[in-house]
Amino acid sequence: MSRSGATLRGWYASGEAGRGAIVLVHGIHADRRVMLPRARFLHRAGYAVLLFDLQGHGESTGDRITFGAKESLDVESAVELMRAKAPGERVGVIAVSLGGAAALLGPQPLDVDALVLESVFPTITAATRNRVGPVLTPLLLWQLRPRLGLSASALRPIDHIGQVREPVFVVSGDADPHTTPDDSRGMFAAANEPKEFWLVPQAAHEDLHAVAGAEYEQRILAFFRRCGVGGS
C-alpha cells in the first residue's frame with residue numbers, strides 16, 4: 001500500500017550482496033513492463049531491481065493521473081520497500097518522464113544514493129505547451145484545480161531538483177518534442193553538484209535505452225558505480 005492510497009503491484013528480483021539496488025519508475029500511460037529491458041541489464045550486473053506500476057497505471061489501483069503529485073508518494077513507498085528487501089544496499093533510482101517528476105515532487109527528497117532522471121519535464125506548463133501548443137495550454141492548465149485539486153505551481157519538478165543532495169544524472173533525447181533539450185538543460189542547471197548530463201543523439205521521449213543500447217547501459221552503470229551504488 002502506498003501513501004497515495006493506492007495498492008501498488010510490481011516485481012522484485014534480488015541481486016548479489018553488496019552490488020546495490022535499483023528502483024525503476026515508468027512514464028505516463030505505461031506500466032512496469034516498459035522498464036524490463038533496463039531491469040534485465042541491471043540484474044545481469046548484480047543489482048537487485050524493483051519495478052512497479054504507479055497509481056492509476058497497470059495493475060495498481062487508482063483512477064487518476066496527477067502528473068507526479070500523488071505518484072511521488074508511490075515512488076517514496078517503493079524506495080522504502082526496496083530498502084526493506086535489500087537491507088544495507090545502496091539504492092539508486094531510474095525514473096522516466098512522469099516517473100521522474102514523481103521522484104522529485106515528494107514532500108522531501110527521496111532517501112536514495114543516486115538518481116537518474118530521464119526525459120523529465122521542468123514544469124507542467126512546459127510539458128503541456130510542448131504537446132498541445134500555446135493556445136490550448138491555458139485551458140488545459142485551468143482544469144487542473146477542478147479535476148485534480150492541483151495548481152500548475154505544484155507541478156514544477158525544476159523547483160525541487162535543487163533539494164536533491166545525492167548525485168543526479170539528467171538524461172534526455174536530442175529529438176524529444178515533449179521534454180526539449182532546452183528543458184533538460186534547465187533541469188540540469190538547477191541541480192546541485194555532483195551532477196551529470198547526457199543528451200542522447202536521435203532519441204525522442206522515453207526511448208533512450210532503446211536508441212542508445214550498449215552506450216546507455218555503460219553510462220548508467222558507470223554513473224551508479226561512481227556513486228558507490230554497485231561494484232566495480
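The values are calculated or read from the model by the stated rules, or taken from the named source; none is laboratory data. None of these values were measured; they are calculated from a predicted model. Cβ sites come from the backbone with ideal geometry, for glycine too, and all protein chains shown count toward neighbours.
In contact with a strand residue (DSSP E or B) (Cβ under 8 Å, 6 or more places away or on another chain), under 23 Å from Q202 (Cα atoms) and of a type in the set (V, I, T): does that describe V91? Taking the combined requirement at face value, the residue does not satisfy it. Evaluated against (1) part of a helix (DSSP H, G or I); (2) touching a helix residue (DSSP H, G or I) at 6+ places or on another chain (Cβ under 8 Å); (3) surrounded by fewer than 24 Cβ atoms within 10 Å (Cβ to Cβ), E196 falls short on exactly one condition, (1). Is it the case that some residue within the stretch 49-71 is of a type outside the set (D, E, K, R), more than 20 Å from M1 (Cβ to Cβ), surrounded by 24 or more Cβ atoms within 10 Å (Cβ to Cβ) and at pLDDT 95 or above? So far as the stretch 49-71 goes, yes, one or more of its residues are of a type outside the set (D, E, K, R), more than 20 Å from M1 (Cβ to Cβ), surrounded by 24 or more Cβ atoms within 10 Å (Cβ to Cβ) and at pLDDT 95 or above. Of all the listed residues (L54, L81), the sole one being in contact (Cβ under 8 Å) with a residue 12 or more places away in the chain, of a type outside the set (K, R) and more than 18 Å from V120 (Cα to Cα) is L81.
Checking P37 against (1) part of a loop (DSSP other than H, G, I, E, B); (2) in contact with a helix residue (DSSP H, G or I) (Cβ under 9 Å, 6 or more places away or on another chain), only one condition comes out false. Which one? In the conditions (1) part of a loop (DSSP other than H, G, I, E, B); (2) in contact with a helix residue (DSSP H, G or I) (Cβ under 9 Å, 6 or more places away or on another chain), P37 misses (1) alone. Taking (1) part of a loop (DSSP other than H, G, I, E, B); (2) at pLDDT 95 or above; (3) buried (at least 21 other Cβ atoms within 10 Å of the Cβ) in turn, E206 satisfies each apart from (2).
Put simply, of L115, L110 the only residue that is assigned to a strand (DSSP E or B) and within 13 Å of the chain's Cα centre (by Cα) is L115.
Has the stretch 46-66 got at least one residue that is under 24 Å from E215 (Cα atoms) and small (G, A, S)? Yes, some residue in the stretch 46-66 is under 24 Å from E215 (Cα atoms) and small (G, A, S). In the condition set (1) in contact (Cβ under 8 Å) with a residue 12 or more places away in the chain; (2) out of contact with any Phe, Trp or Tyr (no Cβ under 6 Å at 6 or more places or on another chain); (3) not β-branched (V, I, T), A189 is compliant with all but (1).
When the residues of the stretch 145-179 are filtered to those that are in a helix (DSSP H, G or I) and in contact with a helix residue (DSSP H, G or I) (Cβ under 6 Å, 6 or more places away or on another chain), the one that is surrounded by the most Cβ atoms within 10 Å (Cβ to Cβ) is I161.
If you go through the stretch 52-90 and keep only what is farther than 13 Å from L8 by Cβ, in a loop (DSSP other than H, G, I, E, B) and not charged (D, E, K, R), you end up with I65, T66, F67, G68, A69, A86, P87, G88. Remark: S14 falls outside the filter, which requires a residue to be among the polar types (S, T, N, Q) and buried (at least 24 other Cβ atoms within 10 Å of the Cβ). Scanning the stretch 32-48 for residues that are surrounded by 20 or more Cβ atoms within 10 Å (Cβ to Cβ) and of a type in the set (F, W, Y) yields a single hit, Y47. Taking the conditions (1) more than 24 Å from R33 (Cβ to Cβ); (2) among the hydroxyl-bearing types (S, T, Y); (3) surrounded by 14 or more Cβ atoms within 10 Å (Cβ to Cβ); (4) out of contact with any strand residue (DSSP E or B) (no Cβ under 6 Å at 6 or more places or on another chain) in turn, Y216 satisfies each one other than (1). For the stretch 118-128, a residue qualifies if it is buried (at least 19 other Cβ atoms within 10 Å of the Cβ) and either assigned to a helix (DSSP H, G or I) or under 12 Å from the mean Cα position of the chain (by Cα) (or both), and the qualifying residues are E118, S119, V120, F121, I124, A126, A127, T128.
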